[in-house]
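Where a number appears in this text, it was derived from the coordinates with a stated rule and is not lab data. Please read these numbers as outputs of a predicted model, since none were measured by experiment.
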Amino acid sequence: MKIIAIGRNYAAHAKELGNEIPAEPIIFHKPQSAILKNKMPFVIPAFDDRIEYEVELILKICRNGKNIKIEDAQNYYKSIGLGIDFTARDVQQKCKENGWPWEIAKSFDGSAPISPFYPLSEFDDIHNLPFSLKKNGETVQTGNSNQMIFSFERLISYISIYFTLNIGDIIFTGTPTGVGQVKEGDFLEAFIANQSMLTCMVKLPNEPKDKSIYQKREPA
Ligand code: ZN
């Protein structure tokens with residue numbers, strides 16, 4: 001399976017990071033090793049202590065497909081959940097400044113906590129689906145699928161131009177405004193409407209933090 005993630009799918013979030021609103025979806029991947037199961041702790045990586053949370057609605061693909069038409073895309077997912085797209089923001093900033101791909105800022109181990117998936121039938125209207133993230137009991141992000149620049153169907157159609165979608169693939173559909181940093185001891189809890197979907201405790205690594213691992217790196 002693969003994880004495909006979308007950047008800048010909410011206008012207010014694109015603005016808070018100083019980015020333009022894209023004309024087409026911005027796509028990146030996370031590897032399977034990025035997955036963190038519900039309730040597992042997230043360990044701040046040694047290469048960057050400026051890690052930011054991004055809560056996102058996630059879809060699980062239920063059919064194989066390529067060049068999927070927008071009007072057929074609803075048949076390619078039957079369940080939905082929540083994920084956190086952890087981002088190493090200093091690393092990402094440095095990559096952006098240098099014009100490098102920012103893969104390592106988004107795709108490192110543990111960067112994708114995911115909730116269990118629930119059937120679409122459990123929700124009144126998935127195109128008007130409120131969700132939120134609490135940090136230490138305080139709401140830090142709220143969003144709604146009706147604020148997405150590109151709908152679930154448009155994303156599936158667009159992604160499948162480039163990548164065959166396979167059963168079990170997961171799509172992170174972008175984060176709303178309000179992203180922020182995590183610190184050791186933070187407790188994150190993500191909700192769809194009032195239903196708790198995902199929890200994650202933030203820990204420090206066992207090894208001492210060493211940012212030089214990243215800073216000494218020479219471009220290939
Ligand atoms: Zn994201």
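Pairing the Cα long axis of helix 152-162 with the longest principal axis of the chain, what angle in degrees results, from 0 to 90 and rounded to the nearest 10?
Once rounded, one gets 70 degrees.
Helix-only estimate, please: 222 nm mean residue ellipticity of the chain, summing -39500 (n - 2.57) across DSSP H runs of length 4 or more and dividing by its residues, to the nearest 500.
So the helix-based figure for the chain works out to -4000 deg cm²/dmol.
For the stretch 56-118, what does the alpha-carbon gyration tensor say about shape, rounded, prolate or oblate, given a ≥ b ≥ c as the root eigenvalues, a/c under 1.5 as rounded, and a/b over b/c as prolate?
Judged from the Cα gyration tensor, the stretch 56-118 comes out oblate (a/c at least 1.5, b/c at or above a/b).
Using amide H atoms built in the peptide plane, which far-off residues or other-chain residues are under 5 Å from TYR77 H to H?
For TYR77, the qualifying residues are CYS62.
For the stretch 3-205, what proportion of DSSP beta bridges, expressed in % and rounded to the nearest 5, is antiparallel?
Counting DSSP beta bridges with both partners in the stretch 3-205, the antiparallel share is about 85 percent.
When you have a sec, figure out the Kirkwood radius of the chain from all distinct Cα pair distances and drop it here in Å to one decimal?
On the way: mean 1/r = 0.0568 Å⁻¹.
Kirkwood radius, the chain: 17.6 Å.
Of LYS37/LYS134; LYS66/LYS94; LYS2/LYS69, which sit over 25 Å apart, Cα to Cα?
As for pairs spanning more than 25 Å Cα to Cα, those are LYS66/LYS94.
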